[in-house]
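Okay, structure first, notes after.
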Amino acid sequence: MAAEPVNVNEFQELARQALPKMYYDFFAGGAEDQHTLRENVEAFSRITFQPRILVDVSKIDMSTTILGYKISSPIMIAPTSLQKLAHPEGEIATARAAAACNTIMVLSFMATCTVEEVASSCNAVRFLQLYVFKRRDISAQVVQKAERYGFKAIVLTVDTPRLGRREADIKNRMVSPQLKNFEGLLTTDISNDKGSSLEALASEIYDASLSWKDIEWLTSITNLPILIKGVLTCEDAIKAVEVGVSGIIVSNHGARQLDYVPATISALEEVVRAVGGRVPVLLDGGVRRGTDVFKALALGAQAVLVGRPVIYGLAAKGEHGVRRVLEMLKDELEITMALSGCSSVKDISRRHVRTERDRLQSML
């Protein structure tokens with residue numbers, strides 16, 4: 001019998017063994033040269049710690065509050081689509097793991113389980129991720145259904161006017177399953193004999209005209225708070241606050257959209273400064289260790305969202321795998337906090353880390 005994984009990275013290999021190549025490549029792959037995909041992870045490794053000693057860390061409190069909801073640690077589940085391709089229970093298994101770990105799951109708009117199925121699977125705080133379709137009535141219907149079923153916020157993904165060029169999916173002729181949230185509303189069964197049917201589907205249904213003025217439309221159809229996901233610059237962060245969003249997620253879509261954008265951890269501080277504490281800033285992309293979570297918090301994020309590691313846990317061991325991934329990251333964060341001299345997440349400060357920019361400035 002194979003040894004149990006001892007860190008999140010080891011789940012990736014288990015997922016690769018468990019999944020058909022087409023599906024593994026879909027989950028693991030990035031856009032074009034995959035430069036940003038590698039950089040999302042590697043940029044964390046260039047940030048070092050400045051631990052403080054002789055601090056009482058006999059009790060560690062990792063809990064935090066997101067939009068008024070208390071969670072056990074600042075580690076949330078990012079929206080990832082088509083989870084039934086990873087495991088037959090799909091998003092329901094992930095939702096149950098999130099509930100068991102007392103954290104927030106963001107359900108993908110392109111989920112393979114319905115809003116109702118996920119809502120009734122367990123009791124937990126959940127957010128819904130949203131794409132705006134050319135047929136606005138469909139996006140509006142799903143948002144309103146999520147609100148009826150007790151979802152607590154909408155996470156609007158704004159970096160996808162078109163789908164990024166994911167070459168593995170093109171080579172594998174990736175096929176999209178029918179998406180149950182849209183049954184009877186539109187067909188998601190679009191074939192593309194030249195490449196990825198996902199790309200064909202996206203260009204058919206996503207609204208490339210989506211712009212800042214549409215935030216007003218979204219606030220007119222729901223009472224839920226809106227977080228905007230896909231911000232990488234201070235200009236867009238300021239604009240987001242001006243149009244009245246309730247939170248910002250620094251994200252490059254897991255490096256699946258535009259290659260050669262910065263790693264999210266590299267863009268985080270600029271966004272945090274621009275926002276100036278007016279709304280919470282979260283981060284996703286490249287988080288593989290508890291040390292990464294600590295670094296993001298030190299640079300001003302209120303929490304991180306984890307995508308691929310959750311999928312790898314799901315593919316390898318279902319709900320139990322997702323729980324293990326969340327627990328591993330939490331355990332690593334706890335030991336990082338203890339060894340850095342932080343007994344609660346409020347104690348984690350910019351003074352606890354050194355970035356490449358800090359090192360360059362110290363040389364000047």
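General observations
- The residue that is nearest to Ala168 (Cα to Cα), counting only those in the stretch 15-58 that are over 21 Å from the mean Cα position of the chain (by Cα) and part of a helix (DSSP H, G or I), is Met22.
- Selected residue (criterion: nearest to Val261 (Cα to Cα)) from residues of the stretch 25-55 that are of a type in the set (Val, Ile, Thr) and open to solvent by less than 70 Å² (accessible area, probe 1.4 Å): Thr36
- Top-ranked residue of the stretch 264-314 - restricted to ones that are of a type in the set (Lys, Arg), under 22 Å from Thr80 (Cβ atoms) and in a loop (DSSP other than H, G, I, E, B), ranked as nearest to the chain's Cα centre (by Cα): Arg288
- Selection within the stretch 196-231 - of a type outside the set (D, E, K, R), part of a helix (DSSP H, G or I) and over 27 Å from Asp25 (Cβ atoms): Ile215, Trp217, Leu218, Thr219, Ser220, Ile221
- Residues of the stretch 257-279 satisfying the condition of being touching a residue at least 60 places away in the same chain (Cβ under 8 Å), open to solvent by 30 Å² or more (accessible area, probe 1.4 Å) and either of a type in the set (A, V, I, L, M, F, W, C) or within 15 Å of Val41 (Cβ to Cβ) (or both): Leu258, Pro262, Ser266
- Any hit, the stretch 351-360, residues being closer than 20 Å to Val8 by Cβ and open to solvent by less than 10 Å² (accessible area, probe 1.4 Å): no
- The stretch 113-122, residues that are of a type outside the set (A, V, I, L, M) and either open to solvent by 10 Å² or more (accessible area, probe 1.4 Å) or free of Cβ contacts under 8 Å to residues at least 24 places away in the same chain (or both): Thr114, Glu116, Glu117, Ser120, Ser121, Cys122
- With respect to the conditions (1) modelled with pLDDT of 95 or more; (2) in contact with a helix residue (DSSP H, G or I) (Cβ under 9 Å, 6 or more places away or on another chain), Asp189 lacks only one, and its number is (1).
- Within the stretch 334-364, if we keep just the residues that are in contact with an Asp or Glu (Cβ under 9 Å, 6 or more places away or on another chain) and hydrophobic (A, V, I, L, M, F, W, C), the residue that is nearest to Leu297 (Cα to Cα) turns out to be Val345.
- Selected residue (criterion: farthest from Val304 (Cα to Cα)) from residues of the stretch 67-81 that are of a type in the set (A, V, I, L, M) and over 14 Å from the mean Cα position of the chain (by Cα): Leu67
- Residue in the stretch 123-143 that is nearest to the chain's Cα centre (by Cα), counting only those that are surrounded by 15 or more Cβ atoms within 10 Å (Cβ to Cβ) and over 17 Å from Tyr206 (Cβ atoms): Phe127
- Residue within the stretch 147-159 that is buried (at least 16 other Cβ atoms within 10 Å of the Cβ), farther than 28 Å from Ala124 by Cα and either out of contact with any Leu (no Cβ under 6 Å at 6 or more places or on another chain) or at pLDDT 80 or above (or both) present: no
- Hits in the stretch 65-87 (condition: under 18 Å from Tyr312 (Cα atoms) and in contact (Cβ under 8 Å) with a residue 60 or more places away in the chain): Ile75, Met76, Ile77, Ala78, Pro79, Thr80, Leu82, Gln83, Lys84, Leu85, Ala86, His87
- Of all residues in the stretch 231-245 being out of contact with any strand residue (DSSP E or B) (no Cβ under 6 Å at 6 or more places or on another chain) and under 18 Å from Glu216 (Cα atoms), the one that is least open to solvent (accessible area, probe 1.4 Å): Val241
- Some residue of the stretch 99-109 being in contact with a Pro (Cβ under 8 Å, 6 or more places away or on another chain) and farther than 23 Å from Arg323 by Cβ: yes
- Exclusive hit being among the hydrophobic types (A, V, I, L, M, F, W, C) and in contact with a Pro (Cβ under 7 Å, 6 or more places away or on another chain), set Leu232, Leu282, Leu186: Leu232
The values are calculated or read from the model by the stated rules, or taken from the named source; none is laboratory data. This structure is a prediction, so every number in the text was calculated from the model and none was measured. Neighbour counts run over all protein chains shown; Cβ positions are idealised from the backbone, glycine included. The protein model used for the area step is the full one, side chains on, heavy atoms only, and it has no ligands, DNA or RNA in it. Shrake-Rupley method; radii C 1.70, N 1.55, O 1.52, S 1.80 Å.
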